Amino acid sequence: MLLEVTLSGATLGGMYALVALGLTLQYGVARIMNLSYGELLVAAAFAALWFYTGVAVSPLVGLIVVPPLAFALSFGIYRVLLQPLVRRAKTRDALEVDSILATFGLLFVIQGVMLAIFGGAYFSYSFLAVPLQIAGATVAANRLLALVLAVVIGVGLYLGLTRTRIGTAVRAVAVDPVAAELVAIDVRTASALAFALGGALVAASGVLVSMFLTFNANLGVVFTLKALVVVIMGGVGNLLGALIAGLLLGLVENYVAVFVDPGLTLAATYAIFLIVLLVRPQGILGRASR
Amino acid sequence: MLEVAGLSVLYGKHRALDQADLSVGAGEIVVILGANGAGKSSLLRAVAGLLPAAPGAKVMLSGRPLVGLPAHAIVEAGLALVPEGRAIFGDLTVRENLLLGAFARRARGEETRNRARVLALFPRLAERLGQTARTMSGGEQQMVAIGRALMSAPDLLLLDEPSLGLSPLLCSELFRALERIRGDGISVLLVEQNARKSLAVADRGYLIENGRIVGSGRAADLAGDPAVQRAYLGGR
């Protein structure tokens, strides 16, 4: 029982961690506080649904097709909608406020389109819904697959960002954009790419989520909020912190839902959020503010 | 190598720098002396592309115009700035700072050689490659900043008050390092308040007051000039 709940909580946590990684890229590097972030996750879930039920293409193929599309879409959104804000913003703080307003509007646009197409009904599809036995515990194969893929994507991204020069350059923009310019990094382009990469990540999470969760057109906000909670809990801009906080949140939510009361899930989320903020205001792995 | 003519920097209506002309020859160390707020930093930042130059300015590096280029393109053109406050990547390790220093395409081919040079110049960094930069002492951070700039394989190195906050011993070490950097064929332009030590290593100097260049000459002449001694060397 405990193992089952832990595995299923880890799957959820893996999704949170991936989603938070993407938001870390968008917020930490591109300095865009993207309130429409979760909408892309839902859109990707619908895309995977359509691929599977509409044209009988496996979500695993969707996982290869959808993120690049989300990358391109996010890149376009950044260039068309957000770059003008970047250009006119005098400070990064001003950009943050402007981006919140702009993406708040974008949230309703994307959500509206999805509501118009799919309505408010809940959707799910049955993919690999077979029980697997692991050390006496029963786990749905689709959940386990989603967890494994989330780990692969998360670890791959983490290594890419920490072990390669281009990844280090992306982190450098988050640390200090002026210093980044001084080592010949084109900060504008790097920001656009980081924003697009964040979009690709949240879309990948959307495909994975659709494999085992029931979703509807209104679910985006939930994931945006969870991503924010995880990012702040992990320490803003800290990749490893986001991974740990995401996993932690998923596990706690699932334990509370199963062992205490499903109605207290959200309360548990914000309880550990508050506890972390009280004990370590800078986040689990964040450093004290300058 | 560097030719600057008619360079002005405006902050709103305030003229931080007014029609500055200066040049740095190949293999030269040139120092700009001036008090706080005289416009020294504005000059370097405008040359490096971090501040917009007022219209009419001309900045040429080896015959290539730099005005209007973004800062990252100016690094590619062969100019590296170590700004005031150093602007190293504090959250990253020394190794990562040096790796990023060679992000410029012009620096890739020479990366191994430049790294060896930097580590020979500052052996302390070789021992601290894995350390997070912001946990280092001020002197060590300055080494990281200069080392990172050298990793971009510059033709010209700009330094904004590199001796600020350093002990006299570290300060002497720093100026010796500048001579070795020049020995590797890199020209140096620095702004300083420490007139005595900077004039001792420099070939030429400029004096800047209230945003205007008010004097220039060979470093030895400036060091011996009674007016300069009164303004910049007195009391030290």
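Given the condition modelled with pLDDT of 95 or more and part of a helix (DSSP H, G or I), answer yes or no: does some residue in segment B:158-165 qualify? The answer is no; no qualifying residue exists.
Those helices (runs of 4 or more DSSP H) of segment A:36-146 in which 2 or more residues are touching a strand residue (DSSP E or B) at 6+ places or on another chain (Cβ under 9 Å) occupy A:37-49.
Would segment A:82-91 turn up any residue that is within 21 Å of the chain's Cα centre (by Cα) and either closer than 19 Å to residue A:193 by Cβ or touching a residue at least 60 places away in the same chain (Cβ under 8 Å) (or both)? For segment A:82-91, residues within 21 Å of the chain's Cα centre (by Cα) and either closer than 19 Å to residue A:193 by Cβ or touching a residue at least 60 places away in the same chain (Cβ under 8 Å) (or both): present. Residues that are more than 22 Å from the chain's Cα centre (by Cα), surrounded by 15 or more Cβ atoms within 10 Å (Cβ to Cβ) and without any contact (Cβ under 8 Å) to a residue 40 or more places away in the chain: does segment A:124-136 have at least one? Taking every residue of segment A:124-136 in turn, at least one turns out to be more than 22 Å from the chain's Cα centre (by Cα), surrounded by 15 or more Cβ atoms within 10 Å (Cβ to Cβ) and without any contact (Cβ under 8 Å) to a residue 40 or more places away in the chain. Considering each of B:63, B:78 in turn, give the residue that is free of Cβ contacts under 8 Å to residues at least 12 places away in the same chain and more than 10 Å from chain A (Cβ to nearest Cβ). Exactly one residue qualifies, and that residue is B:63.
Against the definition (more than 10 Å from chain A (Cβ to nearest Cβ) and closer than 20 Å to residue A:177 by Cα), how does residue B:94 come out, yes or no? Yes: the conditions hold for residue B:94. Can you find a residue that is polar (S, T, N, Q), over 16 Å from residue B:153 (Cβ atoms), free of Cβ contacts under 8 Å to residues at least 40 places away in the same chain and touching an Asp or Glu at 6+ places or on another chain (Cβ under 7 Å) anywhere in segment B:6-22? No, segment B:6-22 contains no residue that is polar (S, T, N, Q), over 16 Å from residue B:153 (Cβ atoms), free of Cβ contacts under 8 Å to residues at least 40 places away in the same chain and touching an Asp or Glu at 6+ places or on another chain (Cβ under 7 Å).
A count restricted to segment B:48-60 and to residues that are in contact (Cβ under 8 Å) with a residue 60 or more places away in the chain and farther than 20 Å from residue B:151 by Cβ stands at 0.
What pairs come up if the first residue lies in segment B:184-212 and is touching a residue at least 40 places away in the same chain (Cβ under 8 Å), the second is assigned to a helix (DSSP H, G or I) and of a type in the set (Ser, Thr, Tyr), and their beta carbons are under 7 Å apart, counting only those six or more places apart or on different chains? Once the first residue is touching a residue at least 40 places away in the same chain (Cβ under 8 Å) and sits in segment B:184-212, its partners that are assigned to a helix (DSSP H, G or I) and of a type in the set (Ser, Thr, Tyr) give B:190/B:198; B:191/B:41; B:192/B:198; B:195/B:232. Taking first residues from segment A:175-189 that are within 7 Å of another protein chain (Cβ to nearest Cβ) and within 18 Å of residue B:98 (Cβ to Cβ) and partners that are among the aromatic types (Phe, Trp, Tyr) and buried (at least 19 other Cβ atoms within 10 Å of the Cβ), the Cβ contacts under 9 Å between residues at least 6 apart in sequence or on separate chains come to A:175/B:89; A:176/B:89; A:179/B:89; A:183/B:89; A:183/B:103; A:184/B:103; A:185/B:103.
Evaluation of residue A:155 against the conditions (1) of a type outside the set (D, E, K, R); (2) part of a helix (DSSP H, G or I); (3) within 14 Å of chain B (Cβ to nearest Cβ) shows that the sole unmet condition is (3). Do we find that residue A:27 is of a type in the set (Ser, Thr, Tyr), buried (at least 24 other Cβ atoms within 10 Å of the Cβ) and closer than 23 Å to residue A:120 by Cα in this structure? Here the answer is no, as residue A:27 does not meet what is asked.
Conditions tested, residue by residue: (1) under 28 Å from residue B:5 (Cβ atoms); (2) within 19 Å of the chain's Cα centre (by Cα); (3) surrounded by fewer than 21 Cβ atoms within 10 Å (Cβ to Cβ).
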position: B:172; (1), (2), (3): no, yes, yes
position: B:190; (1), (2), (3): yes, yes, no
position: B:195; (1), (2), (3): yes, yes, no
position: B:202; (1), (2), (3): yes, yes, no
position: B:223; (1), (2), (3): yes, no, yes
position: B:228; (1), (2), (3): yes, no, yes
position: B:233; (1), (2), (3): no, no, yes
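Against the test of being exposed (fewer than 15 other Cβ atoms within 10 Å of the Cβ), within 14 Å of another protein chain (Cβ to nearest Cβ) and not aromatic (Phe, Trp, Tyr), the options A:164, A:168 yield a single qualifying residue, A:164. Inclusion of residue A:258 among residues that are more than 18 Å from the chain's Cα centre (by Cα) and surrounded by fewer than 24 Cβ atoms within 10 Å (Cβ to Cβ) is warranted.
Could you list, in sequence order, the residues of segment B:106-152 that are touching a residue at least 40 places away in the same chain (Cβ under 8 Å) and hydroxyl-bearing (Ser, Thr, Tyr)? Once the filter is applied, which keeps residues that are touching a residue at least 40 places away in the same chain (Cβ under 8 Å) and hydroxyl-bearing (Ser, Thr, Tyr), segment B:106-152 yields B:132, B:152.
Determine whether residue B:40 is modelled with pLDDT under 95 and under 13 Å from the mean Cα position of the chain (by Cα).
Yes, satisfied.
In this structure, residue A:257 does satisfy being assigned to a helix (DSSP H, G or I), more than 14 Å from every other protein chain (Cβ to nearest Cβ) and modelled with pLDDT under 95. Would you be able to say whether some residue in segment B:31-47 is in contact with a Gly (Cβ under 7 Å, 6 or more places away or on another chain) and surrounded by fewer than 21 Cβ atoms within 10 Å (Cβ to Cβ)? Taking every residue of segment B:31-47 in turn, none turns out to be in contact with a Gly (Cβ under 7 Å, 6 or more places away or on another chain) and surrounded by fewer than 21 Cβ atoms within 10 Å (Cβ to Cβ). Of the residues A:99, A:74, the single one that is touching a Gly at 6+ places or on another chain (Cβ under 6 Å) and modelled with pLDDT of 90 or more is A:74. Looking only at residues in segment A:171-184 that are among the aliphatic types (A, V, I, L, M) and assigned to a helix (DSSP H, G or I), the one that is surrounded by the fewest Cβ atoms within 10 Å (Cβ to Cβ) is A:178. The single condition among (1) outside any helix (DSSP H, G or I); (2) surrounded by fewer than 18 Cβ atoms within 10 Å (Cβ to Cβ) that residue A:283 does not meet is (2).
The values are calculated or read from the model by the stated rules, or taken from the named source; none is laboratory data. The shown structure was predicted, so the numbers you read here are calculated from the model rather than taken from an experiment. A quick note on method: Cβ atoms are made from the backbone with ideal geometry, for glycine too, and the neighbour counts reach across all protein chains shown.
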